[in-house]
1. Taking the conditions exactly as written (in a strand (DSSP E or B) and not assigned by TED's automatic domain parsing to the domain that holds A:Ser415), does A:Gly283 satisfy them or not?
2. Restricting attention to the stretch A:310-319, which residues are open to solvent by less than 40 Å² (accessible area, probe 1.4 Å) and within 16 Å of B:Gln30 (Cα to Cα)?
3. State the number of residues belonging to the stretch B:2-29 that are open to solvent by less than 70 Å² (accessible area, probe 1.4 Å), facing chain A (nearest Cβ under 8 Å) and out of contact with any helix residue (DSSP H, G or I) (no Cβ under 8 Å at 6 or more places or on another chain).
4. Among the helices (runs of 4 or more DSSP H) lying completely within the stretch B:170-259, list those that include at least 3 residues that are of a type outside the set (D, E, K, R) and open to solvent by 50 Å² or more (accessible area, probe 1.4 Å).
5. Considering only the stretch B:119-142, how many residues are of a type in the set (D, E, K, R), assigned to a loop (DSSP other than H, G, I, E, B) and away from the ligand (no atom under 15 Å from the Cβ)?
6. Scan the stretch A:219-247 residue by residue and report those that are in contact with an Asp or Glu (Cβ under 9 Å, 6 or more places away or on another chain), surrounded by 17 or more Cβ atoms within 10 Å (Cβ to Cβ) and in a helix (DSSP H, G or I).
7. Looking only at the stretch B:82-91, decide whether some residue is within 30 Å of B:Ile311 (Cβ to Cβ) and either at pLDDT 95 or above or within 14 Å of chain A (Cβ to nearest Cβ) (or both).
8. Need a quick list: strands (runs of 3 or more DSSP E) entirely within the stretch B:296-361 having at least 3 residues that are open to solvent by less than 10 Å² (accessible area, probe 1.4 Å).
Amino acid sequence: MPGELSVLMEIPKDAAFACPAANVAQTLAERSGFDRRESYRFQLTVEEFILCLIGVIQEGDGLRVILTGKRHLLRAAFAFRAAELSLGGLNSAVRDVVRSAGEPPRDLGLLLAAASADRYNLEHQGGDRFRIVAEVDRRYPEPPPVHAPQNLQPPYRIVRHPDAARLTQAAALAVNAYPAWQSPGCFQTPEKFADLADAGEIACVLALDAAEQTAGLLTWSPCSDQALYFSGPFLFTSGTDRDDVARLLLDGFLEAVAREPHAIVLSVRATADLLPGYFEPLGFLQSCAGTVCEQRPVVFRHLREDAGMAAWCSPRIEDFLRRSYAGLAMTRDILPVEEPGGAARRESLLGATLDRWRDLAELRPFLDGQDMAANLTAHVKAIREKGINTILYYMDLSRPWDAALAGDLIRSGFSPKLVLPYGGQSDMVVWQHDQTV
Amino acid sequence: MIRLFDRAPDYVRRFERYVPSRPDPELMRQYGVSHLYRLNNNENALGPPPAAREAIAAFAPGRAALYPSGDAYDLRQALAARFGKSPEQFLAGNGSCEVISAIIRAFCGPGDAIVTADKTFAVYEWVAKFSGIEARLVPLVRQALDPDAMLAAVTENAKIVFVCNPNNPTGSWWDKAALERFLVRLGGRALVVLDEAYREFLDDPDFPDSMKIMERHDNLLVFRTFSKMYGLAGLRVGYLCGSEEAVDMVRRTHIAYSVNALGQVAAAAALENDADHIAATRAMVEDAGRFLRGVFDAMGLEHLGGAGNFIMVRTPVSDTLLYRRLMMKGVMARTMTGFRYPNWIRVSLAREEAMEAFASALRGALDVP
Ligand SMILES: Cc1ncc(COP(=O)(O)O)c(C=O)c1O
């Protein structure tokens with residue numbers, strides 16, 4: 001298997017290049033060892049995105065496409081510039097899901113692309129520069145059955161860089177012992193977990209017992225410049241040793257990340273084996289599957305001494321914010337923002353990340369606009385149509401215009417669930433679209 | 001267009017900048033308190049010794065217009081007289097932290113490594129990392145630097161071993177025998193840099209006399225500081241002592257004129273008749289240590305301390321949360337997550353009033369009556 005393969009293309013604003021670019025995508029997929037089905041989905045993704053984006057970019061401009069084949073996925077990144085006026089096309093791609101006939105083809109193209117990829121993400125890089133990243137996952141074989149280790153004995157110790165066989169086994173053990181939602185998606189196909197660890201995309205600490213049997217696992221990976229997301233601790237011991245192994249894993253994790261650049265660690269899927277005192281509860285997010293909804297706790301830990309800062313705040317959520325900060329013992333200068341009286345721009349722009357695997361859609365505002373409430377509503381509708389239940393919206397309190405959108409969010413059926421310190425540029429309010437089943 | 005970010009070397013881009021705490025008035029405003037006890041930096045609560053105070057008071061403001069001695073000439077004479085060495089064996093820096101940087105620049109090039117502990121003063125690791133030098137971190141054993149494992153980590157490309165003695169934050173230290181054995185077994189394969197920032201807090205005949213030992217081992221360098229015992233942290237003066245040859249090397253990579261004029265005179269004066277000041281400081285530290293150990297024992301909290309004007313305590317909540325709760329009560333401690341001791345804080349040992357304020361804030365923050 002080759003290492004990472006990558007192709008860079010600068011494509012002019014001419015639809016004739018979509019097909020050859022798709023051929024490049026196919027070749028890359030094949031050379032990276034993907035099977036026909038994934039290769040085809042990747043090809044389709046690339047072709048459709050190019051066709052769609054060619055309709056959005058300005059005359060004389062080009063589209064920069066980077067295709068990457070890794071062991072575990074294929075990724076297509078499209079960087080382009082779009083003048084304000086044509087941005088609506090991007091959003092309506094999502095909006096138009098619910099439209100039946102007569103939509104402009106470029107919107108349908110983006111929609112299709114989103115449908116072929118496993119996840120995609122739209123980023124605003126400042127000014128008129130944007131980037132879309134779409135990913136197609138490798139299909140991994142079903143894991144062979146694993147047997148839980150027996151008679152684990154102290155002393156336990158932790159290792160930072162276990163080999164692939166050990167990682168695969170640990171992930172399979174975790175899937176057997178814990179509800180699926182508590183594991184990273186890659187645990188379902190443990191070989192993928194080993195590939196991700198090898199690629200440095202997921203890090204872990206693993207506990208061994210006196211006889212080198214696997215006793216526990218905790219994993220993490222970055223979810224923003226400032227934040228690490230962790231899963232676990234997963235314990236395979238029984239009785240009184242469990243707390244000891246949990247402590248080893250938690251200390252090992254925190255020691256490993258303590259002098260790294262991230263400011264916080266968090267999780268919405270920590271297991272019940274988390275020891276008290278290590279993390280701070282932030283609140284709950286609702287998760288629904290079928291007709292059952294449950295409240296999942298969100299835990300967080302600051303890795304640094306809080307320096308305090310200012311947070312912009314709409315009067316609509318001031319009580320919520322003050323209560324949240326008081327609970328966290330965090331001091332913030334709360335700066336009031338007014339509801340946007342009349343946004344200068346007509347069309348708002350939302351960034352969206354859709355992940356089918358995690359049943360999760362995440363929305364972030366890029367540009368404010370008069371139609372924000374309608375745009376949110378359209379996004380929610382489109383996302384729900386795709387069968388995704390959990391819809392989160394992230395509000396960065398470092399930006400006054402962003403904080404001012406509270407009213408639009410409430411009108412569109414979102415409620416503020418929790419404050420995630422340092423979740424964005426500064427603190428972030430996580431909103432969730434209320435779901436009734 | 002290359003982004004500014006991409007112009008920096010990879011090891012700089014990956015490095016996390018250090019964010020110092022804000023000034024007291026700003027912190028007091030933020031946390032809504034009218035007084036702040038700073039117990040996070042291991043400063044000397046008694047301040048500088050009397051002779052240094054006089055030197056500072058006598059410093060004519062007009063002298064601020066003139067450059068200081070570029071190589072701290074008088075201060076080095078005073079140090080030489082104090083330790084019975086040649087002034088050429090001393091190099092003064094803008095705090096000992098500056099000297100750490102100069103040592104690494106002098107002896108490490110691309111592909112080289114330094115060896116130090118995983119749970120120790122962070123600056124050796126930081127300077128190495130942001131200079132593109134590998135920092136090889138050796139785990140502590142029983143809360144102390146492990147000479148055997150550190151020896152084992154000294155491979156061919158390891159140029160310097162940093163030994164914080166006594167160790168910040170654990171207070172553990174290598175005695176004469178441990179250091180001697182280490183130096184003999186190392187056999188000159190690498191430089192050994194002893195950071196003796198807290199040396200003056202100890203009065204134990206078993207503590208190594210590094211100034212003597214370096215006469216037998218010319219790969220031994222020692223640095224000390226005026227920031228701790230001598231209460232001059234605000235003026236930023238530290239120094240390096242070693243063989244003339246080693247110090248000459250470090251001087252090449254050290255920016256001249258980095259120690260300010262006031263700092264130079266205050267530091268030189270601090271060495272005069274310092275016995276009473278040292279005795280009073282040690283007594284304060286001992287009282288404070290006894291008091292806090294009693295407080296922690298009564299609360300059932302595990303603590304860890306030894307030499308130095310600080311003590312660590314294990315906290316039942318995350319240290320970063322406890323930090324904020326203590327700040328709300330006007331007390332600033334140091335969180336230890338950054339020292340790879342999650343859920344521990346470190347507290348400077350200071351005057352009674354500050355220790356009582358800390359004890360009461362801790363009980364309040366942990367809801368202990
Ligand atoms: C072990 C150790 N070395 C060096 C220093 C830095 O001292 P200076 O103020 O001289 O830079 C400190 C300060 O906290 C320290 O704890």
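The values are calculated or read from the model by the stated rules, or taken from the named source; none is laboratory data. Not measured: the values here are computed from a predicted model. With ideal geometry, Cβ positions are generated from the backbone for all residues, glycine too; neighbour counts draw on all protein chains shown. For the accessible areas, the whole protein counts, side chains as well, though only heavy atoms, and no ligand, DNA or RNA atoms are used. Shrake-Rupley method; radii C 1.70, N 1.55, O 1.52, S 1.80 Å.
1. It is true that A:Gly283 is in a strand (DSSP E or B) and not assigned by TED's automatic domain parsing to the domain that holds A:Ser415.
2. A:Ala311
3. The number of residues fulfilling the criteria is 1.
4. Here the list is empty.
5. Adding up the residues that qualify gives 1.
6. Scanning the stretch A:219-247 gives A:Asp241, A:Arg242, A:Val245, A:Ala246.
7. Yes, the stretch B:82-91 contains at least one residue that is within 30 Å of B:Ile311 (Cβ to Cβ) and either at pLDDT 95 or above or within 14 Å of chain A (Cβ to nearest Cβ) (or both).
8. Qualifying strands (runs of 3 or more DSSP E): B:310-314, B:344-348.
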